[in-house]
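Rule-based calculations on the coordinates, nothing more; no lab input. Owing to the predicted nature of the structure, the values given are computational and were not obtained by experimental measurement. Here the Cβ is made from the backbone with ideal geometry for all residues, glycine too, and neighbour counts use every protein chain on show.
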Amino acid sequence: MVVQSSTVGKFGKTAAAVAVPLRLYGQGSAVVRYVLEAFDTFCSRYFVALTVAYIVVKTTHYVLFPNFP
C-alpha cells in the first residue's frame, strides 16, 4: 500500500481516527441539547401559566375581597 505510507495517507488515517470520537461527541451533544431544550420549553410554558394564574388570583383577591385574609 503505497498510499498508506505517504504523508497524505498518514494524515487520512489520523483524521479517520479523530473523526470517530468527534462524531460520537457531536451526536451525544445533539441528544443532550434536544433533551434540555424540551425540558426548558416544558418548564417555561408552565412557569408562565402558573405566574399568570397567580397574578390573576391575587389581583382578584385584593380587588374583590380586600378585607378577607
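Find how much the distance from CYS43 to VAL31 grows on full extension, using 0.36 nm per residue of separation minus their present alpha carbon separation; answer in nm with one decimal.
Separation in residues times 0.36 nm, less the Cα-Cα distance, equals 2.5 nm.
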In whole Å, what three semi-axes, largest first, describe the equivalent ellipsoid of segment 2-64 built from its Cα gyration tensor (square root of 5 times each eigenvalue)?
59, 7, 4
Given Cβ charges of +1 for Lys and Arg and -1 for Asp and Glu, the option among SER29, VAL52, ASN67 whose Cα lies farthest towards the positive end of the dipole of the chain is SER29
